[in-house]
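Since the structure comes first, as structure tokens, the remarks are kept for the end.
Just so it is clear, none of the values below were taken in a lab; they were calculated from the coordinates. These figures come from a predicted structure and were not determined experimentally. So basically every Cβ, Gly included, is an ideal-geometry build from the backbone, and we count neighbours across all protein chains shown.
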Amino acid sequence: MTSYRQNNCNKYNLKEIATLTLAMTTSMLRLYNTLTRSIEVFEPISPPKVGLYTCGPTVYDYTHIGHLRKYINDDLLKRVLIANDYQVKHVMNITDVGHLVSDADEGDDKLEKGAKERNMSVWEVAKFFTDYFFKSIHLVNIQRPDIVALATEHITEQIKLIEKLEKKGFIYQTEEAIYFDVSKFSDYTRLSRQSLKDKAVGVREEVRVDRQKKNPVDFALWFFTVGHFADHTMRWSSPWGEGFPGWHIECSAMSMAYLGDTLDIHTGGIDHIPVHHTNEIAQSEAATGKKFVNFWVHHNFLVVNGEKMSKSKKNFYTIEDLIKKGFDPLAFRYLILTAHYRDKLNFTWESLQGASNALNNLKEEIRAWEKPKGSAGKFWQKFLESANNDLNMPQAVAVLWELIHNTDPDYDKSADLVEMDKILGLGLADYIGKPLQIPANVLKLIKERENARKSGDFAKSDALRKEIKKLGYDVEDTPDGPKIK
């Protein structure tokens, strides 16, 4: 029997084979897998279906733009998967119980803490900030997950998972909680690549709540409503006693309930690598005996003026804060596209203004284009290759600008742009062939400003320009008169 390689060697020369191999490779989606610390060709378990689990918010406080960077990048990943003809089943959790102030099972429950600060019930806090989260992601055009799983609605699944771990001998009980015994799970730190000794040193002994823990790095699966948590509002019955679940068990139980024992992709922030995701792997694989996740995708932080975002530094911004300063929320989405998801991104008002200018320029460029007439071409293919290269969106945006500047009058630029924007999510397709409509009140202000400028009243001219900007328009003075954007 003649082999495939022999057939193709007869048909093509070696240079052609190399070119074909490169083309095949660049057209495949490749992702950096935190588990292997390498970029790998993505291969789903049951193609074309893909199970995607993205760590969702703990709904005790406002969603800020640092959070939104992670969710925008999750959205880009999902859109790229769809562009590669995968059928994505996207599951995201809402943590509305069990996430303590420290990821290492220390301190108060974040929901309880948030309720006390706002003089609200924990249920009211969870509802308010869940609604705020979805409002925020809608403003930056993030597609809603197929399944939104609330931890409080999946207590049964979590208890069943703990029971599996109990039968296999991976848990022990103290007066205050049920713990996963890390010493019984080999290769516990393979995701974080930390040694157990280093992890133990990192746990501050003086703030450990439960002195009966066998090992400082053992983590809670179920907290009893005794001692520190005697007044905990959220509580459920279990085979071991009344209490509430730990944060880590929630994600394992809910992800496997909807996507099976092994997930194609699991995402989260880089801060989840050493504790939360390490614990998810341990409890999931201990329970099933199977690999938990094939591809781990982790996003880096958004920093503000080079510093970590925090309330104490007053650099904690929500998407509403950006809107109040006159920015289109999609300008923030454009800013996120300018940095690779594995790199830190420094947020400044100047960088956001630059992103806003670029987005507005894009809209102005494509208003004069005609509607698509045919299929997407070479620029779209080059764009997709960039996106498939570990979600290299800065490179993909560069290709977008190549398309914008293309001067071939016969090239159907609109067809490429429509496909690109299905990934970018900037709403650009809506502006193709759509002349700028200027409201009468804005036109009146523009006329007043022009008269003030001609009469030499530049203070009034500047004031009117600011007023026009607040309404979402800008004026560029040209020899031919004012140009409106």
Practice task
Give me the number: length gained by fully extending Asp477 to Arg190, i.e. 0.36 nm times residue separation minus the C-alpha to C-alpha distance, one decimal in nm.
Solution key: 97.3 nm
Problem - Restricting the range 119-195 to trypsin sites (Lys or Arg not before Pro) in coil, as DSSP defines it, with at most 14 other Cβ within 10 Å - result: Lys168, Arg190, Arg193
Problem - Residue-wise HN-Hα coupling along the range 113-121, computed from phi with Karplus coefficients 6.51, -1.76, 1.60 (Hz; x: Gly, Pro) - result: 5, x, 5, 5, 5, 10, 6, 10, 6
Fill in the blank from the handout: Taking max minus min of the Cα coordinates of the chain on each principal axis, largest first, gives extents in Å of 81, 77, 35
Exercise for the section: Pull up the cross-link candidates among the lysines for Lys214, meaning alpha carbon to alpha carbon under 24 Å and not fewer than 8 places away within one chain. Expected result: Lys160, Lys164, Lys167, Lys168, Lys184, Lys197, Lys199
Practice task
Quickly estimate the mean residue ellipticity at 222 nm for the chain, helices only: each DSSP H run with n ≥ 4 gives -39500 (n - 2.57), and the total goes over all residues, rounded to 500.
Solution key: -13500 deg cm²/dmol
Practice task
May I ask for the angle, rounded to the nearest 10°, between helix 349-366 and the longest principal axis of the chain, with both axes built from Cα atoms and the value confined to 0 to 90°?
Solution key: 50
Fill in the blank from the handout: Sequence order, the range 400-408: Karplus ³J(HN,Hα) from phi using 6.51 cos²θ - 1.76 cosθ + 1.60, θ = phi - 60°, Hz rounded, Gly and Pro as x, gives 4, 5, 4, 4, 4, 8, 5, 9, 5
Completion exercise
Taking the alpha-carbon centre of each part, the distance from the range 276-318 to the range 464-485 in Å is 43
Practice task
Identify all lysines with a Cα-Cα distance to Lys422 below 23 Å; exclude those on the same chain that are fewer than 8 residues away in sequence.
Solution key: Lys49, Lys70, Lys78, Lys89, Lys135, Lys363, Lys371, Lys373, Lys378, Lys382, Lys413, Lys434
Fill in the blank from the handout: Residue-ordered couplings for the range 477-484, obtained by feeding phi - 60° into the Karplus form 6.51 cos²θ - 1.76 cosθ + 1.60 and rounding to whole Hz (Gly and Pro as x), are 7, 10, x, 8, x, x, 9, 9
Exercise for the section: Compute the acute angle (0 to 90°) between the alpha-carbon long axis of helix 122-139 and the principal axis of greatest extent of the alpha-carbon atoms of the chain; round to the nearest 10°. Expected result: 30
Handout entry: Nearest-ten-degree value, helix 413-424 long axis tilted from longest Cα axis of the chain
Key = 30
Exercise for the section: Could you list the chymotrypsin sites (Phe, Trp or Tyr not before Pro) in the range 389-448 that lie in coil according to DSSP, counting only those with at most 15 other Cβ atoms within 10 Å of their Cβ? Expected result: Tyr411
Exercise for the section: Report the FRET efficiency, 1/(1 + (r/R0)^6), for Lys470 and Lys168, where r is their Cβ-Cβ distance and R0 is 60 Å, rounded to 0.05. Expected result: 0.45
Problem - Label-point separation in nm, Asp231 to Thr262, each point 7 Å along Cα→Cβ - result: 4.9
Exercise for the section: Pull up the cross-link candidates among the lysines for Lys116, meaning alpha carbon to alpha carbon under 16 Å and not fewer than 8 places away within one chain. Expected result: Lys127
